[in-house]
Every structure is written in structure tokens, then in C-alpha cells.
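Readers should treat all values here as calculations from the given coordinates under stated rules, not as data from a laboratory. For clarity, every value in this text was computed on a predicted model and none was experimentally measured. For neighbour counting, all protein chains shown are included, and Cβ atoms are generated from backbone atoms with ideal geometry for every residue, glycine included.
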Amino acid sequence: MRNIEFYKLLILLIMLSVISCSDNNETDPPVKEFTSGEIVTVQQVKALYNDQLAISDYTKRYPVEITGDWALYGIITASDKKDGNFYKEAYIEDATGGLRMVFESTSGLYIGDSVIVNLKGLFIGDYGDFWQLGSYPYHESDGDIRVAGMNMDKYILKTSVNNPTYPDSVTISQAKNLTYLGKLVTLKDVQFSDEMIGLNWADAENLTTENRDLEDCNKKTIIVRTSGYASKAGESLPKGNGTITGIVTIFSGTYQFIIRDFNEVKMSGTRCGVVEQPLGDPVETLNQTFTGYIAEQAIYINGWQNIAQTGGRIWLAKSFGGNNYAQATAYKSNLTSMITWFITPPVTISVQKVLTFQSAQAYWAHGTDKPLEVLFSTDYNGTDLSSATWTTLPANLAKSSDTNYAWVSSGNINLPVASGKSGVIAFKYSGTNTKSTSICLDNISVSSTK
């Protein structure tokens with residue numbers, strides 16, 4: 001009896017469900033028919049356009065229509081659904097290469113989607129010598145003939161989602177090759193060049209795309225191109241060395257690199273040629289004359305720090321008339337910002353300590369700005385300049401009216417007294433390509449009062 005009652009109830013619920021659907025005028029969604037044709041590769045699709053790419057005058061190239069019943073199977077390696085660095089586009093990759101697809105609206109494709117693209121009726125063209133797959137051709141104002149965006153629902157079927165993608169791990173030199181155009185790669189052992197340090201990825205305020213120079217330790221370079229609409233556009237470029245993952249592209253012969261996911265930027269390692277400089281233990285006195293340091297070489301002193309905050313340049317050893325000294329300069333730097341710090345080991349200040357040093361200037365170009373600051377901190381931890389509290393010390397510094405390379409005494413500078421504490425002294429140089437005064441330091445001394 002219980003089974004009979006159960007089935008009666010089940011039938012009643014089904015009937016009510018049918019009536020409810022009928023009352024809401026709901027109908028089953030249409031079934032999309034998608035019949036793929038002959039399977040071809042990315043390389044075969046690109047090859048259709050080889051004769052057009054060989055035409056040097058791009059205004060005379062014309063996109064090639066795909067007339068055969070072809071189908072392209074591949075995985076989406078980058079798309080406009082992640083981080084805003086792509087717009088109405090996605091990249092498909094198979095074992096033979098990668099290809100850019102352009103759409104009439106946001107693609108609806110995600111990284112890791114496995115797809116089938118029915119190619120018949122689509123066109124293969126280029127933009128700046130870089131292949132792109134899309135719909136009917138149209139003329140740009142500059143005479144370029146480009147393919148319009150395709151309708152994704154008409155030509156593409158997802159077969160699965162959330163599939164892993166596997167970038168090739170390559171050097172910059174290897175990436176700058178036709179083989180890798182349109183492909184997902186990870187560039188290893190790279191960093192943004194000294195001139196880029198302190199800049200943002202792009203111009204987020206004006207929503208302008210920007211190019212930034214990426215290099216390896218052999219000074220091989222490639223452009224990283226970032227949209228002003230990208231999620232990280234307004235953030236600073238990473239200062240360290242490491243890996244970066246994205247798509248290799250080209251524009252009129254210049255190779256470019258586009259990040260697909262900013263979480264795949266792993267660049268916190270030590271920059272090429274940079275020496276680890278742990279801050280030393282507290283000392284009672286200092287006496288640094290720079291004797292023995294090689295001219296034109298970076299100055300690395302045990303316990304001291306020579307840090308490029310922006311611009312990549314640091315204090316170098318110089319020599320004149322048998323005298324060695326330290327110098328910082330933005331001359332011929334092509335930098336919009338250069339900041340470098342020369343920091344002493346901590347000096348104990350349980351009793352009164354006095355700082356003295358000499359400074360000189362050459363070829364003053366700072367106007368009324370000060371190229372050099374002398375600062376003091378009791379809470380600098382040796383790694384984070386911005387979190388420390390810095391106090392300006394009242395030093396007499398070389399100024400614009402002084403003769404080039406004439407040494408000026410700082411005078412006796414009393415450091416604060418604090419029982420059981422110590423503090424570092426920092427010589428901070430700031431400049432640009434136009435504010436390029438050279439500043440020299442010598443005979444840095446800290447001693448107890450007599």
C-alpha cells in the first residue's frame with residue numbers, strides 16, 4: 001500500500017510540474033546543431049595566408065576566405081575574460097602553433113576551454129604582420145584591410161572547460177621566432193630594464209596601452225605590451241627577476257609579449273648582477289674613504305647597502321688625481337626617475353656620535369631641487385625603505401654655486417642620543433635624464449665626541 005501511495009504522489013507532482021511549465025510559457029532551449037568538417041591544424045590555417053604576408057605593401061594584402069569544410073580543434077590559452085588585457089579576442093593553440101581569433105563582441109571563451117572552430121566562411125588576415133582569424137574583411141582608414149570579428153556562437157563549440165594549459169618555457173631569444181607567434185610561453189630569468197623601474201604597467205588614468213622593455217641577464221629584450229584597461233595597469237612594474245607567462249605576438253617586425261593572467265608574473269628574485277647586501281651589525285664608529293675600489297664599478301661594502309630604488313642605477317666608485325670617491329648621477333640615463341640610496345651599517349647612539357663627510361657636485365642640472373639628501377633612521381629593517389621613519393640631517397652640502405668637483409665639508413652633525421639604540425645614515429640621490437647633476441661623496445666618518 002505504501003508503494004502505491006508513493007507512486008500516486010509522484011504522478012501528481014509530475015502533473016503539477018507540467019502544468020506549471022505550461023503556465024509560464026516555458027519551452028525547452030533549442031538544440032544547437034554543430035557538425036564539424038575535416039580536421040586541420042593551426043599551421044594549415046596560417047599557411048593559407050603565406051602569399052599575402054609575402055607582399056611588403058600591407059595595403060595590397062587581402063584576407064583569404066576559408067572555403068573548405070575545415071574544423072580546427074584546440075585549447076584556449078588566453079582570452080578577454082581574464083584581467084582585461086585582451087579585447088574581443090582569444091587565442092587558440094594546438095600542437096602546431098597558436099592563432100589569434102577576433103570577435104564581434106566579448107568572446108565568452110575562458111582559458112582552458114577546449115573548442116572546435118568551424119572555419120568555413122571565416123577569413124584569415126593579419127594586423128601588423130600577425131595572423132588573425134575572423135569574419136568578413138573591411139578597410140581601415142590607413143588603407144589596411146582587416147578581418148571583422150566573428151560571431152562566436154555561429155562558429156565555435158566548447159567541448160570541455162577548465163583544461164590545463166602548458167606554456168613552453170623559453171628564453172627571450174627563443175621566443176622571438178615565428179614558431180612561437182601566437183603561442184603561450186613562459187619567459188624565464190627575466191626582469192624589466194633599469195629604465196622601466198618605477199613605471200606602471202600602463203596608463204590606467206588615460207586608459208592608454210603602453211610598451212615596457214623586458215630583458216634577460218644577457219641584455220636580450222622584448223616588449224611587454226599592456227592595455228590601459230588591464231586590471232594591473234595602474235600598478236608598478238615588478239623590480240625583481242623571475243618568470244612571466246603570456247602570448248608572443250608581433251607588430252611590423254617587432255616582437256611583443258602580452259600577459260594573459262597577472263597572477264602568472266613571478267618576478268621577486270634578485271636582479272641580474274645585483275649583489276645581496278645584508279645590513280651589517282651595529283658598529284661604534286665608521287671611516288670610509290673608498291680606497292681600493294675600482295673606478296666605474298658598483299660599490300659593495302660589507303655591512304653597507306647600495307640600492308637602486310627606481311631607475312636601476314646605483315653609486316659607483318670614481319677616481320681623480322689618485323683620490324677614490326663615490327658618485328651618483330642620472331647623466332645620460334634616459335630615466336624619468338632615478339633614486340639610489342647609499343646606506344651605512346647601524347651606528348650605536350647610546351652616547352653622542354658625530355657624522356662628518358665631504359660632498360661635491362658637477363654639472364648642476366637640478367635647478368632649485370636638491371639632488372642629495374642625508375637621512376637618519378632608527379627603525380630601518382634593512383629591506384623596506386618605505387616603512388622606515390627617515391629624519392633629515394642638517395648637513396652642509398655641495399650646491400649649484402660651487403665649483404665642479406670642489407669638495408665641501410658637511411660640518412659636524414650630531415646624531416640623536418638614545419640608550420640601547422642604533423641608527424643608519426642614508427645618502428639618497430634623486431634625479432632624471434634632465435635633472436642629471438653628478439653628486440660625489442668621500443671621507444664618511446662617524447666618531448664619538450671628544
Practice task
Work through the residues other than A362 whose Cβ is under 13 Å from its Cβ and net out their charges, Lys, Arg +1 and Asp, Glu -1.
Solution key: +1
Handout entry: Antiparallel %, DSSP beta bridges [both residues in the chain], to 5
Key = 90 percent
Completion exercise
Of D51, D203, D384, the most mobile residue in a GNM of the chain (C-alpha springs, cutoff 10 Å) is D384
Practice task
Work out from phi, with θ = phi - 60° and the Karplus expression 6.51 cos²θ - 1.76 cosθ + 1.60, the ³J(HN,Hα) of each residue of segment 40-53, listed in order in whole Hz, and give x for Gly and Pro.
Solution key: 10, 10, 4, 5, 5, 5, 4, 4, 4, 9, 4, 5, 6, 5
Handout entry: Sparse-neighbour loop sites [trypsin sites (Lys or Arg not before Pro); segment 291-332; at most 15 other C-beta within 10 Å; DSSP]
Key = K332
Practice task
Run the dipole for the chain about the Cα centre, Lys and Arg Cβ at +1, Asp and Glu Cβ at -1, nothing else charged, and hand back the magnitude in debye, nearest 20.
Solution key: 1220 debye
Practice task
Kindly flag which residue pairs out of K399/K435; K220/K318; K46/K220; K353/K435 have an alpha-carbon separation exceeding 23 Å in this structure.
Solution key: K220/K318; K46/K220; K353/K435
Fill in the blank from the handout: Note on segment 38-160, DSSP bridge orientation, antiparallel percent to nearest 5 equals 85 percent
Practice task
May I ask you to evaluate 6.51 cos²θ - 1.76 cosθ + 1.60, the Karplus curve with θ = phi - 60°, for each residue of segment 142-154 and list the ³J(HN,Hα) values in order in whole Hz, giving x for glycine and proline?
Solution key: 8, x, 5, 9, 10, 8, 6, x, 8, 8, 4, 4, 7
Handout entry: Three-way shape label, segment 353-450, alpha-carbon gyration tensor, a/c 1.5
Key = oblate
Problem - Local net charge near A418, Cβ-Cβ under 12 Å (Lys/Arg +1, Asp/Glu -1) - result: +1
Exercise for the section: Using Cα pairs closer than 8 Å and at least 6 residues apart in sequence, work out the relative contact order for the chain, in percent. Expected result: 11 percent
Fill in the blank from the handout: A correct Karplus calculation of ³J(HN,Hα) over segment 206-216, with 6.51 cos²θ - 1.76 cosθ + 1.60, θ = phi - 60°, whole Hz and x for Gly and Pro, returns 9, 6, 9, 6, 10, 9, 10, 8, 9, 9, 10
Practice task
Take segment 286-448, drop everything but the C-alpha atoms, weight them equally and run the Debye formula without solvent; then report log10 I(q)/I(0) at 0.12 Å⁻¹ to two decimals.
Solution key: -0.50
Handout entry: Of every Cα-Cα pair in the chain, the percent that sits beyond 28 Å
Key = 63 percent
Practice task
Work out, step by step, the length gained on full extension between F320 and N218: first 0.36 nm times the residue separation, then minus their alpha carbon distance; give nm to one decimal.
Solution key: 33.6 nm
Handout entry: Relative contact order [Cα under 8 Å, 6+ residues apart], segment 139-225, whole percent
Key = 21 percent
Exercise for the section: May I ask for the angle, rounded to the nearest 10°, between helix 2-23 and the longest principal axis of the chain, with both axes built from Cα atoms and the value confined to 0 to 90°? Expected result: 80 degrees
Problem - Centroid-to-centroid separation of segment 263-322 and segment 160-180 [C-alpha atoms, Å] - result: 37 Å
Fill in the blank from the handout: Restricting to Cα pairs under 8 Å and 6 or more apart, the percent relative contact order of segment 38-160 works out to 27 percent
Problem - Net charge dipole size for segment 38-160 [Lys, Arg +1 and Asp, Glu -1 on Cβ; Debye, nearest 20] - result: 200 debye
